[in-house]
Amino acid sequence: MEKSKFRLQCPMPKTDFDIITLAHGSGGLLTGKLLDTGVFDLLKNDKLNKKHDGAIFSANGKIAVSTDSFVISPIFFPGGDIGELAVNGTVNDVAMCGAVPEYLSLSFIIEEGLKMTEFWDILVSIKYASEKAGIKIITGDTKVVDRGKGDKIFINTTGFGKMHPEADIDTKNIKPGDKIIISNNIATHGIAILSVRKGLEFETDIKSDTRNLNKLTEKLLDKYGKKIHLFRDPTRSGVAGILNEIAEETNLGIELSEKDLPIDPQVKAACEILGLDPLYSANEGIFVTFADTDIAEEITETLRQNKDAANAAIIGEVTKEHPQKVLISSGIGGKRVVQMPVGEQLPRIC
């Protein structure tokens with residue numbers, strides 16, 4: 001069939017927007033609409049339909065693969081840079097599938113005019129993050145675009161890893177009564193980037209939480225196996241976005257406790273001053289776990305033994321009540337609905 005005839009069989013769905021906006025890349029409501037009515041509907045298949053950050057397929061055993069692109073601004077920020085972020089981000093997405101990351105591809109789109117010293121610093125960060133995560137970069141690509149046609153450097157990474165033999169990570173395993181555990185403080189990355197974004201700078205000691213999480217998830221799977229029902233890393237759309245996605249997909253409700261949310265005092269103060277909700281702020285070094293209630297406390301204590309999860313906490317549970325909704329109990333006793341984010345508090349966050 002000719003492409004022109006094939007195109008007629010693929011009519012464009014109705015949309016409220018004539019152009020793509022920054023909010024379509026937020027990981028929130030508009031991203032969901034863009035993907036559901038476009039990518040997922042047109043390209044649907046059994047792997048893509050799971051709508052996870054990674055996919056699992058068989059090739060001499062079960063393999064997880066995940067790809068991601070990084071366009072963060074600025075490319076150097078407190079606690080890291082775009083190179084370290086690119087490695088950690090994709091390693092973590094593979095780990096969230098219940099896999100043990102082993103290999104990465106690495107591709108650069110570089111704008112003419114990037115300083116060689118900056119490019120070298122990014123490469124060194126990539127090597128550091130790769131060695132820390134225990135993975136190898138095995139292939140890649142480099143393109144250079146005209147000055148003014150990019151923003152210094154964009155990076156794409158694709159990660160591969162073998163599934164952990166004890167892993168069964170799937171939203172279908174989530175059930176009422178499951179506890180929701182978060183591995184460390186929330187909102188740190190978003191506020192760190194905000195503090196150095198042009199026009200918004202403010203004095204702070206806050207550093208991004210970018211780090212690899214695969215060692216932590218592997219340790220939990222070694223010890224608890226299938227009693228862990230799900231891993232997710234709440235990156236662009238924050239904890240609110242991830243939990244809303246899960247509530248909708250499982251047709252169950254989620255209840256959170258505001259007083260149990262771990263957050264650095266500086267981050268909390270910055271959010272209050274700026275009028276931001278930390279539940280919607282981006283994270284790059286934490287994950288959410290859904291697990292059987294009888295091992296939730298033990299999992300939390302296991303996490304706290306690691307310095308990268310020192311503030312792990314049980315923040316809520318799954319319920320049959322209010323299906324597809326996330327509710328949070330405030331410190332003064334009331335409850336409010338935590339909506340799916342429509343846009344994002346800060347674009348170009350990862």
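Derivation of every value follows stated rules applied to the coordinates shown; laboratory data play no part. All values reported here derive from a predicted model rather than from experimental measurement. Using ideal geometry, Cβ is built from the backbone for each residue, glycine included, and neighbour counts are taken over all protein chains shown.
Okay, here's what the table says:
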item: For Thr235, distant residues with modelled amide H under 5 Å away; result: Asn283
item: Relative contact order (%) - criterion: Cα under 8 Å, at least six apart; region: the chain; result: 23
item: Radius 12 Å from Cβ of Gly333, net charge of other residues (Lys, Arg +1; Asp, Glu -1); result: +2
item: Anisotropy class of region 27-71 from Cα gyration tensor, a/c 1.5 cut; result: oblate
item: Dipole magnitude of region 171-337 about its Cα centre (Cβ charges: Lys, Arg +1; Asp, Glu -1), debye to nearest 20; result: 240
item: Total charge dipole magnitude, region 53-163, about the Cα centre, Cβ charges on Lys, Arg, Asp, Glu only, Debye to nearest 20; result: 260
item: Region 37-117 - percent relative contact order, Cα under 8 Å, separation 6 or more; result: 23
item: In region 126-235, GluC sites (Glu not before Pro) in a DSSP loop with at most 10 other beta-carbon atoms within 10 Å; result: Glu201, Glu203
item: Neighbourhood net charge (9 Å Cβ-Cβ; Lys/Arg +1, Asp/Glu -1) for Ile242; result: -1
item: Gyration tensor verdict on region 255-350 (Cα atoms; rounded if a/c is under 1.5, prolate if a/b is larger than b/c, oblate otherwise); result: oblate
item: Residue (of Ala129, Asn88, Phe57) at the positive-pole extreme of region 53-163, dipole from beta-carbon charges; result: Phe57
item: J(HN,Hα) series, region 120-133, from Karplus relation 6.51 cos²θ - 1.76 cosθ + 1.60, nearest Hz, glycine and proline x; result: 5, 4, 5, 4, 4, 5, 4, 5, 4, 5, 5, 5, 5, 7
item: Relative intensity, log₁₀ I(q)/I(0), of the chain from a Debye sum that treats every alpha carbon as a point, q = 0.09, 0.10, 0.11, 0.12 Å⁻¹; result: -0.49, -0.61, -0.75, -0.90
item: Inter-label distance for Glu203 and Met116, nm, one decimal - labels placed 7 Å from Cα along Cα-to-Cβ; result: 3.8
item: Ranked by how many other beta carbons lie within 10 Å on average, peptides 72-81, 118-127 from highest; result: 72-81, 118-127
item: Antiparallel DSSP beta bridges within region 53-163, percent to nearest 5; result: 75
item: Under-5 Å amide H pairs with Tyr103, H placed in peptide plane, nonlocal only; result: Lys136, Phe160
item: Region 171-337: relative contact order in percent, alpha carbon pairs under 8 Å with at least 6 residues between; result: 43
item: Cα gyration tensor shape for region 141-298, rounded if a/c is under 1.5, else prolate or oblate; result: oblate
item: Length added when fully stretched, Lys14-Gln324, from 0.36 nm per residue minus Cα-Cα; result: 109.1 nm
item: Helix-only mean residue ellipticity at 222 nm for the chain, each DSSP H run of n ≥ 4 adding -39500 (n - 2.57), per residue, nearest 500; result: -8000 deg cm²/dmol
item: Leading residue at positive end of dipole, the chain (Cβ point charges), from Gly334, Thr302, Tyr280; result: Tyr280
item: Cross-link table Lys44/Lys127; Lys227/Lys259; Lys33/Lys335, entries beyond 31 Å C-alpha to C-alpha; result: Lys44/Lys127
item: Charged-residue dipole, Cβ positions (Lys, Arg, Asp, Glu), the chain about Cα centre, Debye nearest 20; result: 720
